[in-house]
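Trainee: First, the structure itself, so that you have it in front of you.
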Ligand code: DMJ
């Protein structure tokens, strides 16, 4: 009898154990009650608190934290509060009063930029720290955070002291002196500072904050790239792009995001126009579909627009689904929007699905790796494969970010269900097993390999686990009727810090116009535009080696590579057959020509431009009549209606 009971419990235990190893999967048609979502939201809060308390016990104030060994380290000679400052607003969001008060005390008593006699990334410090302080000021009205933001901005401003105003990659916070990176600055990094500095300009009335970040946009735009797609490096001393690698992954990503978000923040139509050009470029040059499921993915162009499409997609690219959803309605739910770009919305949904599948299809854990390579070969059975060095998961936010925007904008419950499935797997596989480190309290870490079960752990917790991934999940499960944050009034910076949309008023205006002089700087002995340089072999090798995060700042072009590039250029490289052709080559040529013509068009006189605007207005009116937009309730817009009208008339998106 006893033996039978023993066998029965052994079988039961084995079944339960096997079950516990399986990744969570949800039925996407589930319709949990509002109460169920409330309790899931609280599950997210608990996971946040477990991570936070572990950090507070063993790493308080430290910039880098290792949850497995429960050790913290600093990036420089003194702590910068990287994790604390980045988390201030999520502590507010989740009503963690005691924890917020501890964090505030640290900011008040210990945050001292002068002690930081060390270089730090200009971009990361802006998006995480300046963004964290400003959003907390916005949420709390507490002067402490504004004062600390001003102190930091003063130091950061030194990074813009280059020949063109394009900021250097790093900054020494003690001296306030910018430090160049050998290969140039990353395009995404120099163009993802604008929301933060513009809001600070608005708060303080200090115009130089505005001017310094706005100038970057002009210098970048003066490169006159084709199709709104930009190489991922830029030289701060010439203002010219470097290399030919174009992608929405690391070093390229938030360039596109901040075009749209700058428009949403202030209503400046120049950025909407640039965004719409980029959107058309993405559609034309970067999209393809996988085999067998036909998942839409966004690939890379390592050798510029005439080179082949590489089917590699970083997890980082998954932000794009959210960007397209936001671009489709400016953040207004489709149920009440009177202005929906269905084309963008469809692409947003497709990218959302692809990114969800990057999790769901990984059998071992249901968690996405850092990079996948999509399959377009009908001989193969899987939609994507994962290279050996790309199997890690850093608890990144981009997919749940996109699910959040898709849920808010479409109201389709499936996005919440997908998010919950991902959350469960983060919790299940990211939890540090008992017996490691200094105590056995619950905490979570990033993973070294998601393709094995149990996965290998990686002893690091990035601040974006707390301030982005868990924040987006919390917002995704938040009360549908009374959400904590109103997407229609705020714009989330690239680190998920909420900043208000605002009117520029009489103090500020767009201080530049497109169509500036094309830069013609040449390099010694070559006579080639710097933009003509080929991509470095290091970048080319990145698909083999695994990715470099945008924060790593280590991709470079050395003299040898430059010389090789020039040699290669003189030989006029033979056009290689694209790996995959999203569009017929001939059609591409016709379209590229159309883009050039459109750019020529933009250089016309004011009279000619007025004529063009009138013509566009007529066309837009006609399209509106022909396209029967579904009736929708008007909703009060944070942006001036007139601005939107002008934008609509100025911006004919190239039809596919
Ligand atoms: C974050 O720091 C930001 O979202 C940034 O724009 C890209 N990478 C990380 C998260 O993955």
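Trainee: What list do you get for 338, 222 if you sort them by fewest beta carbons within 10 Å?
Mentor: On the way: 338 14, 222 17.
Result, fewest neighbours first: 338, 222.
Trainee: Can you tell me how segment 385-447 classifies by the Cα gyration tensor, rounded, prolate or oblate, using a/c under 1.5 as the rounded cut? Kindly include the intermediate steps, with their values, before the conclusion.
Mentor: On the way: a/c = 3.15, a/b = 1.67, b/c = 1.89.
It comes out oblate by the Cα gyration axes.
Trainee: Let me ask something additional. Need the full-extension length gain, residue 29 to residue 142, defined as separation in residues times 0.36 nm minus the C-alpha distance. One decimal, nm. Kindly include the intermediate steps, with their values, before the conclusion.
Mentor: Values: separation 113, 0.36 × 113 = 40.68 nm, distance 4.34 nm.
That pair, residue 29 and residue 142, stretches by 36.3 nm at full extension.
Trainee: What are the extents of the Cα atoms of segment 414-468 along their three principal axes, in Å, largest first?
Mentor: That gives 40, 27, 17 Å along the principal axes, largest extent first.
Trainee: For segment 151-249, just run the numbers: alpha carbon Rg, then divide by 2.2 N^0.38 Å, N being how many residues it has. Write out the running numbers ahead of the final one.
Mentor: On the way: Rg = 13.4 Å, N = 99, 2.2 N^0.38 = 12.6 Å.
Cα Rg divided by the expected 2.2 N^0.38 Å: 1.06.
Trainee: Right, another one. Extending each Cα 7 Å along its Cβ direction at residue 338 and residue 481, get the distance between those two points in nm, one decimal.
Mentor: 2.6
Trainee: Would you please classify the overall shape of segment 23-500 from the alpha carbon gyration tensor, given that a ≥ b ≥ c denote the square roots of the eigenvalues, rounded means a/c under 1.5, and beyond that prolate means a/b larger than b/c while oblate covers the rest?
Mentor: Values: a/c = 1.34, a/b = 1.05, b/c = 1.28.
Rounded, since a/c falls under 1.5.
Trainee: With viscosity set to 0.890 mPa s and temperature to 25 °C, compute the Stokes-Einstein D of segment 333-468, Rh being the Kirkwood radius across alpha carbon pairs; µm²/s, no decimals.
Mentor: Values: Rh = 16.4 Å.
Calculated translational D: 150 µm²/s.
Trainee: Using a/c under 1.5 as the rounded threshold, could you call segment 353-397 rounded, prolate or oblate? The axes a ≥ b ≥ c are square roots of the C-alpha gyration tensor eigenvalues, and prolate needs a/b larger than b/c, oblate otherwise. Intermediate values should be presented prior to the final figure.
Mentor: Working: a/c = 2.02, a/b = 1.57, b/c = 1.29.
Here segment 353-397 falls in the prolate category.
Trainee: Right, here's the next one. On a full-extension model of 0.36 nm per residue, what is the gain between residue 509 and residue 207, subtracting their alpha-carbon distance, rounded to one decimal in nm? Spell out each step's value before the answer.
Mentor: On the way: separation 302, 0.36 × 302 = 108.72 nm, distance 1.03 nm.
Net length gain for the segment: 107.7 nm.
Trainee: Next question, about the same structure. Using the number of other C-beta atoms within 10 angstrom as an exposure proxy, rank 446, 135 with the fewest first.
Mentor: On the way: 446 22, 135 29.
In increasing order of surrounding Cβ atoms, one gets 446, 135.
Trainee: Taking the mean number of other Cβ atoms within 10 Å as a proxy for protection, how do you rank 260-267, 301-308 from highest to lowest?
Mentor: Ranking, from highest mean packing down: 260-267, 301-308.
Trainee: Taking the Cβ of each residue in 38, 196, 495, 244 as the centre, tally the other Cβ atoms inside 10 Å and list the residues starting with the fewest.
Mentor: 38, 244, 495, 196
All of the numbers you see were taken from the coordinates with simple rules; none came from a lab. Everything numeric here is computed off the predicted structure, so don't read it as measured data. Methodologically, a virtual Cβ is constructed for each residue, glycine included, from the backbone with ideal geometry; neighbour enumeration extends over all protein chains shown.
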